[in-house]
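The values are calculated or read from the model by the stated rules, or taken from the named source; none is laboratory data. Given the structure is predicted, the values throughout are model-derived calculations rather than measurements. Glycine also receives a Cβ, built like all others from the backbone with ideal geometry; neighbour counts cover every protein chain displayed.
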Amino acid sequence: MHGIAAALAIFFVTLVGFLILRASERHIAPSKSTAPARVPFTGGRAPDTHAWNRYHVRYYPMTLLFLAFDMEMVFMYPWAVVFVDEGLIALIEMFMFIVILLFGILYTWRERALEWA
Amino acid sequence: MILNVTFWAFSALAVFSGWRVFRADSMVRAAYWLLLSFAAVGIILVLLKAEFLGLILILMMGGEMTIMAVFMVAFMMNPAGLNPMTMVHRNSVAIVAGVVSFLAIAALGLFARFPVARAPAGVDPTRKLGVELLGNSMLVFQTAGVTLLAAMIAAIAISSARGRYGDADQGSVEPDQMVTAPAGDVAAAAAHDPAPVISPGVHQ
Amino acid sequence: MGVKAALARLAAGAPARCFAVVGAEADEIAPWLRLDPELVIVDSPRAADVLLVLGQLDDEMVRAAAGVHDALPPPRGVVSWSPGGERPVSWPFTDDVRVDDPAQIPAACRRLRDELLSGRRASSPDILPDIDPAPWRGVGPFGQGGAGMTGGVPYGRPLAARADDRDGLKLDQILVRVGPYLPPFPSGLVLDVKIQGDVIQEVSIPTPAAVAPDLISAGAHSAGAHSLTGERALFNAAVTQPVPVADIEVARARHHLVWLAEALRVSGLEAYGRRVLKLARTVRPEAAEPVDDLSRWLRRNVSLRWGTSGVGMVSASRAAALPGGPVARAAGDGRDARSLDPAYERLGFTPVVLEDGDALARWRVRVDEAQQALALAQRAGESLTTPIGLVEGPCGPIGGERSTSAALVTMLPELLVGMEWGDAVTTVVSLDIDMAEAALPHDAAVASRAS
Amino acid sequence: MNALRVVIAVVSVGAVSVAGIYLAAWVDLLVGRAVAGLEVRPLDALSAPLRWGAATALKTRTTTERPDAETWALAPALLAALAAVGLAAVPLAPGLLAADVANGIVLFGAAMALVVVAVFLQGWSPNSPLPMIGGYRFIAEGLSYEIPLAVVLIAAALPARSLAIAPIVTSQEHLWNIVRQPLGLPLYLMAGLGLAFWGPLALPEGQDLAGGSSLETSGVSRILWRTAQLLVLVAVAAMGAAVFLGGWLGPLFPGAAWMIVKTIILLVPLIATRHFVARVPTERYVVVSWAILIPLSLLDVFIAGIQALVAAR
């Protein structure tokens, strides 16, 4: 259990440390922001609208594919632990599992769904 | 002691960030508050000695909440919450549903008789899980595989605008199934064109 | 206070970080600044200490430069250089450090930066007025500037609106006002780009001439006096008078290498770009091996091929509509003004032509032409060009109806539509648009040559 | 007792991080100068990162018109914290492991999966078009490298019969994984470059976006962001050394020395890619990653599996 405690401690100490360092800039170089200094930079001219928008991601089919593969990984971790003990049968099982999933990639690639929509 | 404090701290964090999901104006913030809530639950799972499940929950939710943020930003008006908005609709129904399900789960937790089976010391839950999954039958793995494949193909078929043989909304047809007409005989080709079968109304 | 002083002392050893604004007549100076160890040219004003204003700017460009200036985080300062030392009436940089000799620019930047960081000099104040782009404070039910889900001007700007898209999913389209000083693009290029996601849907050019033509025509004949290379003056002179072939060809090779350095930098190979720039400065026809090595390295580099092949296709018909130049030659159009010159015929000149028409072909044509130019320069000896009223400049023919760069700028809107942002940048860089040449209208070009 | 161990873990990971970050910055400068054909001057380069940091720290932090200030502040801190956790999962020597968990590669994977969140927030928060494109690019990139990254680590876990890192190291006693699973290390390093958005995979911060997700960042935040990025690289190199180069295993010298040497052996080429390999286009990277790298990583699992079964006989 102390392993996870150490991981958590390292996480929070780094996080807080960085936030404190960032706050330190107030003492080194206090900022006073003005309207022209706040204009988002695209080359010297001001934008018309906010940049935040209903952003049209061009890879949305890929994100769906990722969801399936993320699930696959969940199965693979415990499989890796018992693999050698289970022997050949585990290899065959995983082989079939992965080949089935590779068909998914093959289909997606053939439908050109990995390219930008 | 420390274990208890940690448990309560992360429980509080999970509830707090779960509540913030519904108070956030920005879709990105809402998604990542939810991620924080999941991560806190993941840590709680780790504290409950389900280390693998806890960590895998965080691992998966990192990608998945990002994908959720992407879609929420794409489809919501005012995705960044520049104009104030509320994530809550039909307040009274929501409150009733929330209270009822909370009470139901709480009652389940308090009154249900859970089987008491102390795990022997030194057992590795990840290994147990692996044996359970692989075990004596291939069913679990192969069912999962086929289900995931079906999900992938369905997701791509529905979401992708383009296909091998042309754009989806044009009714893409495999070249083998196209009736080849003599050059110039456009009318004949149109008569045999299988496109209307797929997308009726093209010739209307 | 002690910490600040210690940091300032430590920082004094670092190179000055400059954001460069390049106007007319400075395009032959600006690239070489990257070789100087005293300064670093950065991509974002947010990372810069010093705004470097080079050359002459018209009113609109000065306004944009003021916008860039205000984006620099204080403490900040301005170093300016202008040929002849004149500044326009509307010059907004009141406390700039003025440099007369371009060779003094790096030292001036470094000195200014040290003064700024140590507090010996005050940071230059904002130029543009401190008012919100649109009044919004207090408007709306929460005072956020808007009403409803998408209405109003929350925080001073409206929200983006939806537009049609090729995949049938109607989501928001935003207008990105590119330039005039966005680093991957040539300084002075102004484009209004409408994007949905990272795909470009529409491109328009708000002003046909990005750099004021009167500035160009006034200074074009004197450019040689100020520039480190005098490339433009040399090519312009060759329109009307005989010039040594060797000089012209070395200038061409140098131009292509300077372009290659910038193209490599935009591809992420900044250090290699600097190496190429160093080579460009010292390139001589007798020592052509480094260029041959470079060409071999480029051919072998899979990653560069991956990023450029099939990107930014210029079709044969589009190439035919261009006055000529390497872009057309990379698309199978073999026109080259040198073919008309008997002096080149004697040297056995044949133009470098590739068929593909993509960015990769344009990279290759330029590198091959650089090699060829050095070979020609070596063979040419003392021979002179024949003034036939048309000279093959590094970007295309000079002295014709209109410049290739101007034609390329007008081609951009059609060419870039449908591209992912990164591919569009690769394409623009691969076209090698000379903004001074692009701004040169036909009559101004003739006038400047006549003088 | 336990509290002391945790404190020691935090301090040691902090020290290793600072040393690793500084080394990475130094190596980057040296390789850059050598490639640019300049005088290398290693001693001068030793102080250059400090000088850069001092000059940057003295600049004020600019903001944009309506940024998401909190998430913008969080992004560098989150990236650094995740990288530190990743580094903490790597054993320096037998028993010398900060975050000693039974599922080490899952912990590493979880920390690295959340890197996408940090980089996306860095790009999204300023409410500025080019950083936003950068942030979205990184999501595409992250979703593409995450699976090969996890799968090659799983392959390395097969012969060890464990998801903890220490058994993975000891399982390489006779033969390192770099030989046993030849596809593993190259695929891992490619994914690791994506993770650190470095060099050819610096897609969110490419020059074509004029700096992309860090375009609007100035002052101390800029230093923190660069530092955190280098820490990710260090964590990737350290994990690669443990999983593929036999970690602390080696003759004569103490284990920790071997581990440090091997980490540097991986760190230097990772850093150097920035000066030799051009940035790859986003769309083609996604297609290649899914159509080639993921099937290859699955093939790696099979090779590892067959090999492990044969060895177990």
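For the reader, a short list of remarks on this structure follows.
- Matching residues in the range C:150-177 - criterion: being among the hydrophobic types (A, V, I, L, M, F, W, C) and either under 17 Å from D:Arg66 (Cα atoms) or within 9 Å of chain A (Cβ to nearest Cβ) (or both): C:Val153, C:Leu159, C:Ala160, C:Ala161, C:Leu169, C:Leu171, C:Ile174, C:Leu175, C:Val176
- Here D:Thr217 fulfils each of the conditions (1) among the polar types (S, T, N, Q); (2) within 14 Å of chain C (Cβ to nearest Cβ); (3) in a helix (DSSP H, G or I) apart from (3).
- Residue count, the range C:149-169 (criterion: at pLDDT 90 or above and in contact with a helix residue (DSSP H, G or I) (Cβ under 9 Å, 6 or more places away or on another chain)): 0
- Residue list for the range B:113-136, filter: in a loop (DSSP other than H, G, I, E, B) and facing another protein chain (nearest Cβ under 8 Å): B:Asp124
- Counting only helices (runs of 4 or more DSSP H) that sit wholly inside the range B:1-101, those with at least 1 residues that are touching a Phe, Trp or Tyr at 6+ places or on another chain (Cβ under 7 Å) and over 30 Å from C:Gly148 (Cβ atoms) are B:27-47, B:51-75.
- Among (1) in contact with a Pro (Cβ under 8 Å, 6 or more places away or on another chain); (2) modelled with pLDDT of 90 or more, the one test that A:Tyr77 misses: (1)
- Among all positions in the range D:165-187, there is at least one residue which is among the polar types (S, T, N, Q) and either crowded, with 24+ Cβ neighbours inside 10 Å or modelled with pLDDT of 95 or more (or both).
Residue-wise test of (1) surrounded by fewer than 21 Cβ atoms within 10 Å (Cβ to Cβ); (2) away from chain C (no Cβ under 14 Å); (3) at positive phi; (4) at pLDDT 90 or above.
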position	(1), (2), (3), (4)
D:Gly14	yes, yes, no, no
D:Ser17	no, yes, no, yes
D:Tyr22	yes, yes, no, yes
D:Leu38	yes, no, no, no
D:Trp52	no, no, no, yes
D:Thr56	no, no, no, yes
D:Thr62	no, no, no, no
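- Test: residue in the range C:52-65 that is among the acidic types (Asp, Glu) and closer than 26 Å to D:Thr64 by Cα: yes
- Of all residues making up the range C:145-200, the number that are of a type in the set (A, V, I, L, M) and not in a loop (DSSP other than H, G, I, E, B): 12
- Condition check for C:Leu294 on (1) part of a loop (DSSP other than H, G, I, E, B); (2) in contact (Cβ under 8 Å) with a residue 60 or more places away in the chain; (3) more than 22 Å from the chain's Cα centre (by Cα): one failure, at (1).
- Out of A:Leu101, A:Leu67, A:Leu106, sole residue that is within 7 Å of another protein chain (Cβ to nearest Cβ), in a helix (DSSP H, G or I), surrounded by fewer than 21 Cβ atoms within 10 Å (Cβ to Cβ) and not basic (Lys, Arg): A:Leu67
- Each residue in the range C:30-40 was checked for being surrounded by fewer than 24 Cβ atoms within 10 Å (Cβ to Cβ) and either without any contact (Cβ under 8 Å) to a residue 24 or more places away in the chain or over 16 Å from the mean Cα position of the chain (by Cα) (or both), and 5 pass.
Table: residues versus (1) facing chain D (nearest Cβ under 8 Å); (2) in contact (Cβ under 8 Å) with a residue 24 or more places away in the chain.
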site	(1), (2)
B:Asn4	no, no
B:Leu13	no, yes
B:Phe16	no, no
B:Met27	no, yes
B:Ala30	no, yes
B:Leu36	no, no
B:Lys49	no, yes
B:Ile58	yes, no
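- Of the residues making up the range C:159-185, those that are out of contact with any strand residue (DSSP E or B) (no Cβ under 7 Å at 6 or more places or on another chain), farther than 30 Å from C:Ser267 by Cα and surrounded by fewer than 19 Cβ atoms within 10 Å (Cβ to Cβ) are C:Asp164, C:Gly168.
- Scanning the range B:64-91 for residues that are among the hydroxyl-bearing types (Ser, Thr, Tyr) and facing another protein chain (nearest Cβ under 7 Å) yields one hit, B:Thr66.
- C:Ala330 vs. criteria under 12 Å from C:Ser430 (Cβ atoms) and buried (at least 18 other Cβ atoms within 10 Å of the Cβ): yes
- Tallying residues that are of a type outside the set (Gly, Ala, Ser) and under 18 Å from A:Thr34 (Cα atoms) within the range C:108-143 yields 12.
- Scanning the range D:273-313 for residues that are within 11 Å of chain C (Cβ to nearest Cβ) and of a type in the set (S, T, N, Q) yields D:Thr273, D:Thr282.
- Taken over the range C:70-84, the criterion of being in contact (Cβ under 8 Å) with a residue 40 or more places away in the chain, aliphatic (A, V, I, L, M) and touching a helix residue (DSSP H, G or I) at 6+ places or on another chain (Cβ under 6 Å) is satisfied by C:Leu72, C:Val79.
- Some residue of the range C:309-321 being charged (D, E, K, R), within 14 Å of chain D (Cβ to nearest Cβ) and surrounded by 13 or more Cβ atoms within 10 Å (Cβ to Cβ): no
- Meets criteria (of a type in the set (Gly, Ala, Ser), surrounded by fewer than 20 Cβ atoms within 10 Å (Cβ to Cβ) and either on the phi > 0 side of the Ramachandran plot or part of a helix (DSSP H, G or I) (or both)) for D:Ala257: yes
- Options D:Leu87, D:Leu121, D:Leu96: the member that is buried (at least 24 other Cβ atoms within 10 Å of the Cβ), under 19 Å from D:Lys262 (Cα atoms) and either more than 7 Å from chain A (Cβ to nearest Cβ) or hydroxyl-bearing (Ser, Thr, Tyr) (or both): D:Leu87
- Residue list for the range A:41-59, filter: within 29 Å of C:Tyr155 (Cβ to Cβ) and more than 7 Å from chain C (Cβ to nearest Cβ): A:Trp52
- Failed item in (1) surrounded by fewer than 20 Cβ atoms within 10 Å (Cβ to Cβ); (2) away from chain D (no Cβ under 12 Å), with B:Ala40 passing the rest: (1)
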